[in-house]
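Novice: Take this structure first; my questions come after.
The values are calculated or read from the model by the stated rules, or taken from the named source; none is laboratory data. Just so we're clear, the structure is a prediction, and the values are computed from it rather than from any experiment. As a convention, Cβ positions derive from the backbone with ideal geometry for all residues, glycine included, and neighbour counts pool all protein chains shown.
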Amino acid sequence: MNPYADNQPPPLPAFAAESALGEDPNDLGPVAGAAGVVEAVLRHPRRIMFQLSQGASPGRVIGLLFALALVFIAGYGLIVGSFSGGAQWWLAPLKITAGLLAAGVICLPSLYIFSCLGGSAARWREVAGALGGLLALTTLLLVGFAPVAWIFSQSTESVATMGALHLAFWLVAVGFGVRFLARAFHHFGLRSEAGLKAWIIIFLLVTLQMTTALRPLVGPAGKTIMPAEKKFFLTHWLETLDAKTPTR
C-alpha cells in the first residue's frame with residue numbers, strides 16, 4: 001500500500017472535442033465590413049467558417065477576405081520596394097500583389113480536388129473561402145512584420161539579407177495561415193489530411209517560384225518589368241548568394 005497515494009494530484013482533464021459549427025454562440029456573431037472580417041480572422045475564425053458553410057451571404061465574406069489580402073500584401077510590397085526606392089516603390093507592390101493573386105487562382109482548383117479526395121463535402125464557395133482566409137491571415141501577419149522589415153531595409157544594403165528576411169516572414173505567416181485552412185477543412189468534414197498536406201507543399205512552391213518569375217522584387221528595378229530569362233527559384237537564390245557584389 002502506498003502511504004502517499006492520497007497526496008497524488010488528480011489527473012488532468014482531457015481536452016474536449018471541438019464543437020460543430022453553430023453550436024457555440026460565438027459562431028453566430030456578425031462579420032460586418034473589413035474590420036469585422038479582420039476581427040473574426042484573428043479572434044473568432046469559426047465565425048468565418050460558419051458564414052462560409054451556413055451564412056446568408058458567403059460571397060460577401062469571400063470577397064472581403066480576398067480584397068483584404070490584396071490590400072495587405074500591397075502594403076507589405078511598399079516596404080519591400082522601400083529597400084531600393086525609385087521604380088520599385090510601385091513595381092514591387094504591383095508584382096507581389098499580382099503574384100499572390102495568381103498563385104491563389106492557380107492553386108484553387110487543386111485545393112478543391114484534394115478536399116474531395118480527402119472526403120470533404122466542401123463546396124466551391126467553402127474551398128474558396130478557406131483559401132481566402134489563409135491569404136487574409138497570412139498577409140495580415142506580414143503587415144504586422146512590416147515595421148521590422150522597414151527597419152532592416154533602411155539599415156542594410158545586402159539584397160541577400162533582405163531576401164532571406166522577407167522569406168522568413170513569409171514562411172512564418174504562411175504557417176499560421178495554413179492552420180486556419182486546416183481547421184476550416186476539419187469543420188468541412190475532411191477525413192484524410194494527406195491531400196491537404198500535398199497541396200500546402202504545392203502552394204509554397206508556387207509562391208516561391210513567383211518570387212523569381214516576377215524578379216527583381218528586392219533590389220534595383222531591372223531594365224524591363226519582367227525578366228527575360230527563365231529560372232528556378234533555388235537557382236536564382238544561389239546566384240544571388242554567390243554574387244560578387246550582393247548589394248544594391
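So that you can scan it fast, the table gives a plain yes or no per residue for (1) in contact with a strand residue (DSSP E or B) (Cβ under 6 Å, 6 or more places away or on another chain); (2) modelled with pLDDT of 90 or more; (3) farther than 19 Å from LEU131 by Cα:
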position: ASN2; (1), (2), (3): no, no, yes
position: LEU21; (1), (2), (3): no, no, no
position: GLY29; (1), (2), (3): no, no, yes
position: LEU42; (1), (2), (3): no, yes, no
position: PHE50; (1), (2), (3): no, yes, no
position: ALA56; (1), (2), (3): no, no, yes
position: GLY77; (1), (2), (3): no, yes, yes
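Novice: Report, by residue number, each residue of the range 171-185 that is surrounded by 15 or more Cβ atoms within 10 Å (Cβ to Cβ) and either out of contact with any helix residue (DSSP H, G or I) (no Cβ under 7 Å at 6 or more places or on another chain) or not hydrophobic (A, V, I, L, M, F, W, C) (or both).
Specialist: Within the range 171-185, GLY177, ARG183 meet the criteria.
Novice: For residues that are over 22 Å from LEU205 (Cα atoms) and small (Gly, Ala, Ser), tally how many sit in the range 74-108.
Specialist: Here is the first cut: in the range 74-108, the residues over 22 Å from LEU205 (Cα atoms) are 75, 78-79, 81-91.
With the extra rule that they be small (Gly, Ala, Ser), the set shrinks to 75, 81-82, 84-87.
Final tally of qualifying residues: 7.
Novice: In addition: Could you please find all residues in the range 156-172 being in a helix (DSSP H, G or I) and either touching a Gly at 6+ places or on another chain (Cβ under 7 Å) or not β-branched (Val, Ile, Thr) (or both)? Give the derivation first.
Specialist: Just the residues of the range 156-172 that are in a helix (DSSP H, G or I), to begin with: 159-172.
Passing the criteria: VAL159, ALA160, MET162, GLY163, ALA164, LEU165, HIS166, LEU167, ALA168, PHE169, TRP170, LEU171.
Novice: Here is a further query. Suppose the filter is within 30 Å of THR156 (Cβ to Cβ) and touching a residue at least 24 places away in the same chain (Cβ under 8 Å); does LEU64 pass it? Quick ask: steps written out before the conclusion?
Specialist: Working: within 30 Å of THR156 (Cβ to Cβ): no; touching a residue at least 24 places away in the same chain (Cβ under 8 Å): yes.
No.
Novice: While we're looking at this one, here's another question. Assuming SER192 fulfils every condition listed in (1) out of contact with any Gly (no Cβ under 7 Å at 6 or more places or on another chain); (2) over 19 Å from VAL105 (Cβ atoms); (3) polar (S, T, N, Q) apart from one, which condition is it?
Specialist: Only one criterion is unmet by SER192, namely (1).
Novice: Among (1) in a helix (DSSP H, G or I); (2) under 23 Å from the mean Cα position of the chain (by Cα), where does ASN26 come up short?
Specialist: (2)
Novice: Criterion first (modelled with pLDDT of 95 or more, crowded, with 19+ Cβ neighbours inside 10 Å and in contact with a Cys (Cβ under 6 Å, 6 or more places away or on another chain)) does PHE203 satisfy it?
Specialist: On the way: modelled with pLDDT of 95 or more: yes; crowded, with 19+ Cβ neighbours inside 10 Å: yes; in contact with a Cys (Cβ under 6 Å, 6 or more places away or on another chain): yes.
Yes: the conditions hold for PHE203.
Novice: Same structure, new question: For residues that are farther than 25 Å from ALA149 by Cα and either part of a loop (DSSP other than H, G, I, E, B) or touching a residue at least 60 places away in the same chain (Cβ under 8 Å) (or both), tally how many sit in the range 181-226.
Specialist: 19
Novice: I've got another one for you. Which residues, taken from the range 156-168, are closer than 21 Å to LEU204 by Cβ and either modelled with pLDDT of 95 or more or aliphatic (A, V, I, L, M) (or both)? Full working, then the answer.
Specialist: First, the residues of the range 156-168 that are closer than 21 Å to LEU204 by Cβ: 160, 162-168.
Hits for the range 156-168 are ALA160, MET162, ALA164, LEU165, HIS166, LEU167, ALA168.
Novice: Additional query: Any idea which residue in the range 109-155 is modelled with the lowest pLDDT, counting only those that are hydroxyl-bearing (Ser, Thr, Tyr) and either under 13 Å from the mean Cα position of the chain (by Cα) or assigned to a helix (DSSP H, G or I) (or both)? Spell out how you get there, then give the answer.
Specialist: Taking the range 109-155 as the starting set, the residues that turn out to be hydroxyl-bearing (Ser, Thr, Tyr) are 110, 112, 115, 120, 138-139, 153, 155.
Those still in the list that are either under 13 Å from the mean Cα position of the chain (by Cα) or assigned to a helix (DSSP H, G or I) (or both) too: 110, 112, 115, 138-139, 153.
Working: SER110: 97, TYR112: 97, SER115: 96, THR138: 98, THR139: 98, SER153: 92.
Here the residue is SER153.
Novice: Got a number for residues in the range 206-236 being farther than 21 Å from LEU94 by Cα and surrounded by 15 or more Cβ atoms within 10 Å (Cβ to Cβ)? Break it down into steps so the answer makes sense when it comes.
Specialist: From the range 206-236, those farther than 21 Å from LEU94 by Cα are 232, 234-235; that's our starting set.
Checking the rest, the ones that are also surrounded by 15 or more Cβ atoms within 10 Å (Cβ to Cβ) come to none.
Adding up the residues that qualify gives 0.
Novice: Could you list all residues from the range 87-108 that are part of a helix (DSSP H, G or I) and over 17 Å from the mean Cα position of the chain (by Cα)?
Specialist: Filtering the range 87-108 down to residues part of a helix (DSSP H, G or I) leaves 88-108.
If the condition is that a residue be part of a helix (DSSP H, G or I) and over 17 Å from the mean Cα position of the chain (by Cα), then GLN88, TRP89, TRP90, LEU91, ALA92, LEU94 are the ones that fit.
Novice: Return the residues of the range 68-86 that are aromatic (Phe, Trp, Tyr) and not in a loop (DSSP other than H, G, I, E, B); say none if nothing qualifies. Before the answer, list the steps.
Specialist: Step one: filter the range 68-86 for residues aromatic (Phe, Trp, Tyr), giving 72, 76, 83.
Passing the criteria: PHE72, TYR76.
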